[in-house]
Structure formats: C-alpha cells, structure tokens
Amino acid sequence: MQVLLLLGSINMFLSVVLGAFGAHALKKRLSPEMAAIYQTAVQYQIAHALGLILMAILAHTAIPSALVITAGWFLFAGILLFCGSLYVLSLTGMKKLGAITPIGGLCFLIGWALLTAAAVQV
C-alpha cells in the first residue's frame, strides 16, 4: 500500500536526521544514559521504518492481505509510541513517559505477529 511506503520513507528520513542530530548537536548535552536511550529510539525507528517499507512491498506484490496492511499500521503506532516516548524521555528526563514505551513495544510485537499470520495464510 502506498501509504505504508510513504510512512516508511518519511520515518527513514527522520531517523537519519534524528540520528545525526543526536550524534552531533546532542553529543555534549545528553548524559551517557540519556544518549543511550536516544540511540535506542533511533535504532528502533530505523528497523521499523524498514519494516513499513517491507510491508508496503509485500502488500503490493507477495501477500496482498489486510493483515499486512494492519501490521504496518501497528508498526507505525509503535514508532510513534515507543520511539517517540524514548526521544522525549531522553531530551526532557520525564520518567513518566516510560509508561508509554511498553505500549509502543506491544504495537511492534502485534505488527510482526500479524505479518506472521499473513505469511502462514499464503
């Protein structure tokens, strides 16, 4: 689906920008602990943006299934919740955001489980 490809591409772009920003502009501003949290957000955003692109390709060619598209939306929700909460946590130190992070992680797991279910149905 084109929307998943667009979301994946935008998130890849943003992850490169945010990764460079973290490596250069934030290098001296973040504690080592917060820098590690920020880096985790970048890594997960990259991985799941690639997942969005993969799901867009699969939905268009190999596994044209509503499960694949739904899986992509769960990955996107995971990027927003998991990565977004880690970015904000690392930049602000707001520990309360830690409650949102696992919800994003659950979204990632649901997305990959849905892709697995779609693959099994083929």
| message | Tell me the relative contact order for the chain as a rounded percent, counting alpha carbon contacts under 8 Å between residues six or more apart. | response | 29 percent
| field | HN-Hα J in Hz across region 57-66 - Karplus 6.51, -1.76, 1.60, θ = phi - 60°, x for Gly and Pro | value | 5, 4, 5, 8, 10, 8, 10, x, 10, 4
| query | Each residue of region 29-43 in turn: what ³J(HN,Hα) in whole Hz from Karplus with 6.51, -1.76, 1.60 and θ = phi - 60°, glycine and Pro shown as x? | reply | 8, 9, 5, x, 5, 6, 5, 5, 5, 4, 5, 4, 4, 4, 5
| request: Please find, in a Gaussian network model of the chain (springs between Cα atoms separated by less than 10 Å), the residue of 111, 22, 93 whose mean-square fluctuation is greatest. | output: 93
| message | How far apart, in nanometres, would the label points at residue 25 and residue 80 be if each is projected 7 angstrom from Cα along the Cα-to-Cβ direction? | response | 2.3 nm
| task | Quick one: what are the phi-derived ³J(HN,Hα) couplings along region 100-116, Karplus 6.51/-1.76/1.60 with θ = phi - 60°, whole Hz, x for glycine and proline? | result | 7, 3, x, 5, x, x, 5, 4, 4, 4, 5, x, 5, 5, 5, 5, 4
| Longest to shortest principal axis, alpha-carbon extents of region 2-121, angstrom | 48, 26, 17
| said: Beyond 15 Å, how much of the Cα-Cα pair distribution for region 1-71 remains, as a whole percent? | reply: 56 percent
| MRE, 222 nm, helices only [DSSP H, n ≥ 4, -39500 (n - 2.57), over the chain, to nearest 500] | -26500 deg cm²/dmol
| query | Measuring from label point to label point, each 7 Å out along Cα→Cβ, what is the residue 17 to residue 2 span in nm? | reply | 2.2 nm
| said: Connecting C-alpha atoms closer than 10 Å in a GNM of the chain, tell me which of 48, 24, 60 has the biggest fluctuation. | reply: 24
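Where a number appears in this text, it was derived from the coordinates with a stated rule and is not lab data. This one's a predicted model, so the numbers in the text were calculated from it and none came from an experiment. Heads up, the Cβs are rebuilt from the backbone with ideal geometry, glycines too, and the neighbour counts pull from every protein chain shown.
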